[in-house]
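Notes to accompany the following structure.
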2 protein chains.
Amino acid sequence: MSTSRVKIWILALALALEAADGAARRDVLGKPLVVASEGSFFVGGEVKTSSTLNATPSPAGTAPLPGDITINQMYVQFQKPVDGDRHVPVVMVHGCCLSSKTWETTPDGRMGWNEYFLRRGRSVYLADQSSRARSGFDATTINAVKTGVLPPSQLPSVLMASHQTSWTLFRFGPEFNQAFPDEQFPVEAADELYKQMIPDLNGTLPTPNPTWKNMAALAVRLRGAVLMGHSESGFYPEQAALRDPTGVKGIISIEMGCATDLKGQQLATLAKIPILIVFGDHLGDVPGRFQTTWTTNFDSCQKFVDEVNKAGGDSEMMWLPKMGIKGNSHMLMQDKNNLELADLIIAWIDRHVEANKAAPLSTRASK
Amino acid sequence: MSTSRVKIWILALALALEAADGAARRDVLGKPLVVASEGSFFVGGEVKTSSTLNATPSPAGTAPLPGDITINQMYVQFQKPVDGDRHVPVVMVHGCCLSSKTWETTPDGRMGWNEYFLRRGRSVYLADQSSRARSGFDATTINAVKTGVLPPSQLPSVLMASHQTSWTLFRFGPEFNQAFPDEQFPVEAADELYKQMIPDLNGTLPTPNPTWKNMAALAVRLRGAVLMGHSESGFYPEQAALRDPTGVKGIISIEMGCATDLKGQQLATLAKIPILIVFGDHLGDVPGRFQTTWTTNFDSCQKFVDEVNKAGGDSEMMWLPKMGIKGNSHMLMQDKNNLELADLIIAWIDRHVEANKAAPLSTRASK
């Protein structure tokens, strides 16, 4: 065949695959959702005794009552599809200044990844990071400062991301309220994203971050899971696996910095787990203080991928623009092509984590 | 018929109804859940400009960047059943030191009210109070104190409920870790309840509490809803209706204090809305500082019910022990008989809010 005929055949094949994908997606989306079971629970948590559980002055002559509270627990909300055991469950963990809302209905009202993965037959577990949202946090220090027991310097550093910071850091465009021409984030609904952005209280947590061990424990409890993290939590799946790899059958790390100082034993542990790293577009295209943030993060992750693979691992860098998918932001699970990206990730899970489908969940991916 | 024969007939009828109820419940529980649609969104929210969005020292020579954040929004998570329009949606709002987890899987792993109401054909909306959980809160004051811009006295009072306080205040038993003989709360799983208990940041909110207007706005957005509150939020449905009754088609207030100083116009507004107040058992049975808490709350609500009805309203006090249902705690939506209680509440909605089923949602209950 001539080169041009080959090109035409390839184009036709690509269009057919795209059409099949689209048809499959429409089929998945068009029906009522059938849920085998749903609910919520906690992983982890330790008991702490404190006498600064509130800052209200006590009645005259009485000291505040000390008491026990539970801290460091992680709230998990789940839905399982009918025949959910055919696939490895997927655990999704949000990033800085956000909650599990990240994965739900997008700011412009489209289906989020949580429901789409479920409709694609996966059990989905959304975890609010320990110290965030429904997981609660340890507020005793705040009351201790208010009542004069501790100095103000002991207050936790609470991080909030402004609209202005989010716009450029999340790569919606070069300047606040100015979008890249090919921007995939639904910028007209940015105000709805800003409502998702909540104070980050990780500064109240002990070291190491209890979310890491909680994610590892969740994977064990599920008898095997794919752990997915984003941004602040992007490398949490690796951190979880480094603490206890037993349940971690696959790792999906989206848009973050990667550790490049891992030791031989650590690399050997991660080399046993399929790892997918995902980055969007415009990494170096925002001027100002975030100019090098994403290129530096990308480079660290490319180095990480190379090191894991050198140690015999199955690690892959999915850089979307390199695949011809342009304009994706940092919040790519909310971008206009979010379901297309979900299809890519699910296909990766099928190929790398579930290739040996005959094996029971507990032994899969330990190949 | 003789009195004894009448008694036997009544007993037989009661048993038959109970059996039918049980059968209906088993039928509702035994099948996969079919969801017409689900998702999440925010109600309300205002933009605030602040220069204390974080407390990290700035690089030398640069001042912290001021920026905009969104505060006072309310996160809402929903599921709609197939043919959900046949019933008025139900909005559930949690109490102090808790999140929407209140209504989900119980501490001992049974089905929560959110799923049960859905299985009984109701669209269910779970709202995290403004300033709690996934709704986020305004943390700028904490950073302003940490950086010396404000004195410690300006810190919000953050309320945490200890295990010990919860046990007696929630009426699990007379003393910590000692249960009432007929206690309905699954006390063996109390540790799982303690994981749900998170810092209450209502002290960061402006006055009046924005959750009230957000609940009213949600009811309007749903073109009519039953608003349900519990404990701290027990009287929030009434507060919402007093701000804008347009969407409030019914009110369910569980275990709280009621306002007894309402004026004529306020009573007239509430008299147009069917109101159900629910209290459990052992109201005066915990010794110590909570000895009179619940009896005082109950009395205020009985007075409120009487005043609303005197103004021509349809208000009802459902005091469970008076109906022969014993041992219910403050956390009655998590008690062992929680689905039986849900049936009672759904039956009340059917009778009082949906009696005129032919009318469109927007006009129902304005009878």
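Annotation: region B:126-283 has a Kirkwood hydrodynamic radius of 17.9 angstrom, from the mean reciprocal C-alpha pair distance. Region B:279-356 and region B:133-198 have Cα centres lying 23 Å from one another. For region B:303-315, 3J(HN,Hα) computed residue by residue from phi via the Karplus equation (6.51, -1.76, 1.60; θ = phi - 60°) reads 5, 4, 4, 4, 5, 5, 5, 5, 7, x, x, 10, 10 Hz, glycine and proline entered as x.
Bridges between two residues of chain A, per DSSP, are antiparallel at a rate of about 45%.
Full extension from A:SER153 to A:ASN337: what is 0.36 nm times the residue separation minus their Cα-Cα distance, to one decimal in nm? Spell out each step's value before the answer.
Numbers: separation 184, 0.36 × 184 = 66.24 nm, distance 4.46 nm.
Contour length minus the Cα-Cα distance gives 61.8 nm.
Working note: 222 nm ellipticity from helices only, DSSP H runs with n ≥ 4, each -39,500 (n - 2.57), summed and divided by the residues of chain B, gives -9000 deg cm²/dmol to the nearest 500. Amide H contacts of B:ILE325 (H built 1.01 Å from N, in plane; Pro and chain starts excluded): no residue 5 or more places away or on another chain comes under 5 Å. Rg over Rh for region A:80-126 works out to 1.01, both radii taken from alpha-carbon positions and Rh defined as the Kirkwood radius. For A:ASP191, the solvent-accessible surface computed with a 1.4 Å probe is close to 100 Å², ligands and nucleic acids excluded.
In this structure A:MET317 has an accessible area near 40 Å², from a 1.4 Å probe over the protein heavy atoms.
Students sometimes get this wrong: rank B:ARG26, B:ARG132, B:ARG110 by accessible area, probe 1.4 Å, all chains present, largest first. Each step should come with its number before you reach the end.
Numbers: B:ARG26 165, B:ARG132 0, B:ARG110 65 Å².
So the residues, ranked largest to smallest area, are B:ARG26, B:ARG110, B:ARG132.
Here the relative contact order of region A:192-303, from alpha carbon pairs under 8 Å that lie six or more residues apart, stands at 22 percent.
Kirkwood's formula applied to the C-alpha pairs of region B:85-191 gives a hydrodynamic radius of 16.9 angstrom.
Each copy carries A:ASP306; placing its label point 7 Å along the C-beta direction from Cα gives inter-copy distances of 8.2 nm, listed from smallest up.
Backbone amide hydrogens, once placed in the peptide plane, bring A:LEU150 within less than 5 Å of A:VAL145, excluding anything fewer than 5 places away on its chain.
The fraction of all Cα pairs in region B:192-322 landing in successive 5 Å bins from 0 to the largest distance is 2, 10, 18, 21, 19, 15, 9, 4, 1, 0, given as whole percents.
Do you know the relative contact order of chain B, to the nearest whole percent, from alpha carbon pairs under 8 angstrom that are 6+ apart? The partial results should precede the final answer.
Numbers: 692 pairs, mean separation 58.0, N = 367.
Over chain B, the number comes to 16 percent.
Using R0 = 51 Å, the C-beta based FRET efficiency linking A:ASP191 and A:ARG86 works out to 0.80.
Decide, for chain A, between rounded, prolate and oblate: order the square roots of the alpha carbon gyration tensor eigenvalues as a ≥ b ≥ c, take rounded if a/c falls under 1.5, and otherwise choose prolate if a/b is larger than b/c, else oblate. Judged from the Cα gyration tensor, chain A comes out prolate (a/c at least 1.5, a/b above b/c).
Cross-link reach is defined here as a Cα-Cα straight distance under 30 Å, omitting same-chain residues fewer than 8 places apart; for B:LYS48 the lysines meeting it are A:LYS101, A:LYS146, A:LYS195, A:LYS336, B:LYS101, B:LYS146, B:LYS213.
Within the same chain, lysines fewer than 8 places from A:LYS310 are excluded, and of the rest, those with a Cα less than 22 Å from its Cα are A:LYS249, A:LYS263, A:LYS272, A:LYS367. When all protein chains stay in place and ligands, DNA and RNA are ignored, the 1.4 Å accessible-area order of B:ASP261, A:ASP128, A:ASP244, largest first, is B:ASP261, A:ASP244, A:ASP128. Backbone phi angles across region A:339-352, fed through the Karplus curve with coefficients 6.51, -1.76 and 1.60 (θ = phi - 60°), yield HN-Hα couplings of 6, 4, 5, 4, 4, 4, 5, 5, 4, 5, 4, 4, 6, 9 Hz in residue order; Gly and Pro are listed as x. Need one word for region B:143-215: rounded, prolate or oblate. Basis is the Cα gyration tensor (sqrt eigenvalues a ≥ b ≥ c); a/c below 1.5 gives rounded, then a/b vs b/c decides. Prolate shape, in that a/c is at least 1.5 and a/b is the bigger ratio. Of all DSSP bridge pairs formed entirely within the protein assembly as shown, close to 50 percent run antiparallel. For region A:270-317, averaging the sequence separation of C-alpha pairs within contact (under 8 Å, six or more residues apart) and dividing by the residue count gives a relative contact order of 59 percent.
Taking every residue in B:44-52 and counting other chain Cβ atoms within 10 Å of its Cβ, the average works out to 2.
The HN-Hα couplings worked out from phi for region B:82-89 by the Karplus form 6.51 cos²θ - 1.76 cosθ + 1.60 (θ = phi - 60°) are 4, 6, x, 5, 5, 10, 6, x Hz, whole numbers, x standing for Gly and Pro. Computed with a 1.4 Å probe on the full set of protein chains, the accessible area for B:HIS87 sits at about 20 Å². Ranking A:THR296, B:THR293 from most to least accessible surface, computed with a 1.4 Å probe over the protein chains only, gives A:THR296, B:THR293.
Proximity of backbone amide H atoms, modeled 1.01 Å from N, is registered between B:VAL82 and B:ALA36 at under 5 Å, excluding neighbours fewer than 5 places apart on the same chain.
Shown here: the protein assembly as shown, whose C-alpha atoms stretch 99, 62, 46 Å along the first, second and third principal axes, sorted largest to smallest.
The values are calculated or read from the model by the stated rules, or taken from the named source; none is laboratory data. For clarity, every value in this text was computed on a predicted model and none was experimentally measured. Please note: Cβ atoms are built from the backbone with ideal geometry, for glycine as well, and neighbour counts cover all protein chains shown. With ligands, DNA and RNA removed, areas are computed over all heavy atoms of the protein, side chains included. Shrake-Rupley method; radii C 1.70, N 1.55, O 1.52, S 1.80 Å.
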